[in-house]
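Take a look at the structure below.
The values are calculated or read from the model by the stated rules, or taken from the named source; none is laboratory data. Treat the numbers as computed from the prediction; the structure is a model and nothing was measured. Cβ: placed from backbone, ideal geometry, glycine included. Neighbour counts: every protein chain shown.
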Amino acid sequence: MTAVLVTGGAGYIGGQAVLALLDAGYAPVVLDDLSTGLRDAVPPGVPLVVGDVADAGLVARTLRAHRAEAVMHFAASLVVPESVAHPLAYWRNNLAGTLGLLESCVAAGVRRLVFSSTAAVYGIPEVLPVREDVPCRPINPYGASKLAAERLIGDASAAHGLSFVALRYFNVAGADPAGRTGRRRPAATHLIATACDAALGRRDSVTVYGDDYDTPDGTGVRDYVHVADLATAHVAALRHLLEGGGNLTLNCGYGRGHSVLAVLRAVERAAGRSVPHRIAPRRPGDPPALVAVADGVRQILGWRPVHDSLDRIVGDALAWEGRRAAPSLLPGRPNARAHA
Ligand SMILES: NC(=O)c1ccc[n+]([C@@H]2O[C@H](COP(=O)([O-])OP(=O)(O)OC[C@H]3O[C@@H](n4cnc5c(N)ncnc54)[C@H](O)[C@@H]3O)[C@@H](O)[C@H]2O)c1
Ligand SMILES: O=c1ccn([C@@H]2O[C@H](COP(=O)(O)OP(=O)(O)O[C@H]3O[C@H](CO)[C@@H](O)[C@H](O)[C@H]3O)[C@@H](O)[C@H]2O)c(=O)[nH]1
């Protein structure tokens, strides 16, 4: 079986990718410092090495010990407003982490890398939907650090014969449709997780950051992609590299935008109850709208998303969050609050 090192595999997306790798017959090995990930997100039987991806010695030893043939690199810091408040920590983790990983790949002779990049590299695109070949002008430290990591990977590729697929994810949401994994951070910051928390009575309301953008209803627009579809895009990228395919940088989204208010309505439909919200000023570092041109990932990698609907994404997210809530608050129990 082909062994694949998954950095950040105890996290939300990495955890889903580990399941997709197992489903596709690969042997994932997780390296994670558990800074935001959780040990129990790693399925039984999958080796977990607890450590920092910037520790090139540890990563090289892990690659050799498991005879890994490829790496999926998810480990990073990724909350946009946090990156605005703590840019140095973001640059350190996202750039030094990628540097350590690349050094260890070169040392251990591992030449295939799938990298978690982000739509945040684009900043405020002049044309929407956004193509991969437009100039990247990130407007927050998170996006800037990820763009720098992409460039670092490009340089390592040219000098050391490494092949890579950088997937620029748009907004990842939802949970494993089979209920095996999902987002586990206790304090939700992402919109869909926050709205699910409100629908489940764990918070009073959702703050809508800005209703004065130049978008159809004035609120921010994003291209939400289901985490299980994203995971299969990684397996497709891995196959491409194992079959000798060349370097690719590809958007990963569905090519459709949804506003904050549209997301809140979808959560209300899924939960069968209203989600109170209040309008607040724009959040620093937020672009008004981000929607992908996402033909490349379908055409070149043969990716076939199967959960491509906002209702599906929100439904799976709510079901996962509901399982973590008190049973009386589960979706489908309209009088839950009265009994809580
Ligand atoms: N969630 C999104 O909407 C989104 C969108 C675009 C890109 N991404 C990218 O996807 C990747 C995974 O994000 P996620 O949503 O699963 O976040 P997450 O916080 O759930 O997962 C990140 C994982 O990496 C681990 N980690 C962080 N720094 C580490 C280090 N230095 N060494 C070892 N492990 C470390 C954490 O413990 C965690 O398990 C990130 O690279 C992120 O930039 C996420
Ligand atoms: O409580 C909230 C949370 C978010 N939003 C808005 O909802 C949209 C989505 O925000 P959020 O879910 O926080 O995600 P983003 O800030 O768009 O960033 C995500 O999506 C990016 C790609 O587009 C990734 O790079 C990042 O890692 C990931 O956090 C934005 O318009 C926010 O202003 C609110 O109005 N209220």
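For the stretch 99-111, what are the residues that are buried (at least 22 other Cβ atoms within 10 Å of the Cβ) and without any contact (Cβ under 8 Å) to a residue 24 or more places away in the chain?
Listed by number, the list is empty, since nothing qualifies.
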Practice problem: Kindly list, by first and then second residue, each pair from a residue in the stretch 117-135 that is over 23 Å from residue 247 (Cα atoms) and more than 14 Å from ligand 2 (Cβ to nearest atom) to a residue that is of a type in the set (Val, Ile, Thr) and modelled with pLDDT of 95 or more, limited to pairs with Cβ atoms under 6 Å and residues at least 6 apart or on different chains. | Solution: none
Exercise. Take residue 70 and decide whether it is in a strand (DSSP E or B) and either surrounded by 17 or more Cβ atoms within 10 Å (Cβ to Cβ) or within 16 Å of ligand 2 (Cβ to nearest atom) (or both).
Key: yes
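Go through 189, 194 for me and flag whichever is surrounded by fewer than 16 Cβ atoms within 10 Å (Cβ to Cβ), within 15 Å of ligand 1 (Cβ to nearest atom) and not charged (D, E, K, R). Outline the logic, then answer.
Values: 194 fails: surrounded by fewer than 16 Cβ atoms within 10 Å (Cβ to Cβ).
Among 189, 194, only 189 is surrounded by fewer than 16 Cβ atoms within 10 Å (Cβ to Cβ), within 15 Å of ligand 1 (Cβ to nearest atom) and not charged (D, E, K, R).
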Exercise. Select from the stretch 136-178 the residues that are away from ligand 1 (no atom under 12 Å from the Cβ) and in a strand (DSSP E or B) and write down the one among them that is farthest from residue 113 (Cα to Cα).
Key: 137
Quiz item: From the list 57, 123, 45, which one is surrounded by fewer than 24 Cβ atoms within 10 Å (Cβ to Cβ), more than 17 Å from residue 162 (Cβ to Cβ) and away from ligand 1 (no atom under 15 Å from the Cβ)?
Solution: 45
Exercise. Of the numbered conditions (1) among the charged types (D, E, K, R); (2) out of contact with any Ser or Thr (no Cβ under 6 Å at 6 or more places or on another chain); (3) more than 30 Å from residue 67 (Cβ to Cβ), residue 132 fails exactly one; give the number of that condition.
Key: (2)
Exercise. Of the conditions (1) crowded, with 23+ Cβ neighbours inside 10 Å; (2) part of a helix (DSSP H, G or I), residue 114 clears all except one; give me its number.
Key: (2)
Practice problem: Test residue 134 against the stated conditions and say whether it is in contact with a Leu (Cβ under 8 Å, 6 or more places away or on another chain) and of a type in the set (Val, Ile, Thr). | Solution: no
Practice problem: Those residues that are farther than 16 Å from residue 206 by Cα and surrounded by fewer than 16 Cβ atoms within 10 Å (Cβ to Cβ), I need them from the stretch 270-294; list them, please. | Solution: 272, 284
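Just one of 68, 24, 96 is within 12 Å of ligand 1 (Cβ to nearest atom) and modelled with pLDDT of 95 or more; which is it? First the steps, then the outcome.
On the way: 68 fails: within 12 Å of ligand 1 (Cβ to nearest atom); 24 fails: within 12 Å of ligand 1 (Cβ to nearest atom).
Exactly one residue qualifies, and that residue is 96.
Please pick out the residue among 37, 14, 9 that is surrounded by 18 or more Cβ atoms within 10 Å (Cβ to Cβ) and part of a helix (DSSP H, G or I).
Numbers: 37 fails: part of a helix (DSSP H, G or I); 9 fails: part of a helix (DSSP H, G or I).
Answer to the check: 14.
Suppose we filter 181, 207, 219 for residues that are more than 13 Å from the chain's Cα centre (by Cα), part of a loop (DSSP other than H, G, I, E, B) and within 12 Å of ligand 2 (Cβ to nearest atom); which single one remains? Lay out the reasoning, then the answer.
Numbers: 181 fails: within 12 Å of ligand 2 (Cβ to nearest atom); 207 fails: part of a loop (DSSP other than H, G, I, E, B).
Every option except 219 fails the conditions.
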Quiz item: Looking at (1) within 7 Å of ligand 1 (Cβ to nearest atom); (2) modelled with pLDDT under 95, which is the only condition residue 1 fails?
Solution: (1)
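Residues 284, 276: which one is modelled with pLDDT under 95 and within 25 Å of residue 218 (Cα to Cα)?
Details: 276 fails: modelled with pLDDT under 95.
Unique residue meeting the criteria: 284.
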Exercise. For residues that are more than 11 Å from ligand 2 (Cβ to nearest atom) and under 16 Å from residue 169 (Cβ atoms), scanning just the stretch 261-294, find the one that is farthest from the chain's Cα centre (by Cα).
Key: 293
Self-check item: Flag for residue 111 being within 28 Å of residue 240 (Cα to Cα), more than 14 Å from ligand 1 (Cβ to nearest atom) and in contact with a Gly (Cβ under 9 Å, 6 or more places away or on another chain)
Solution: yes
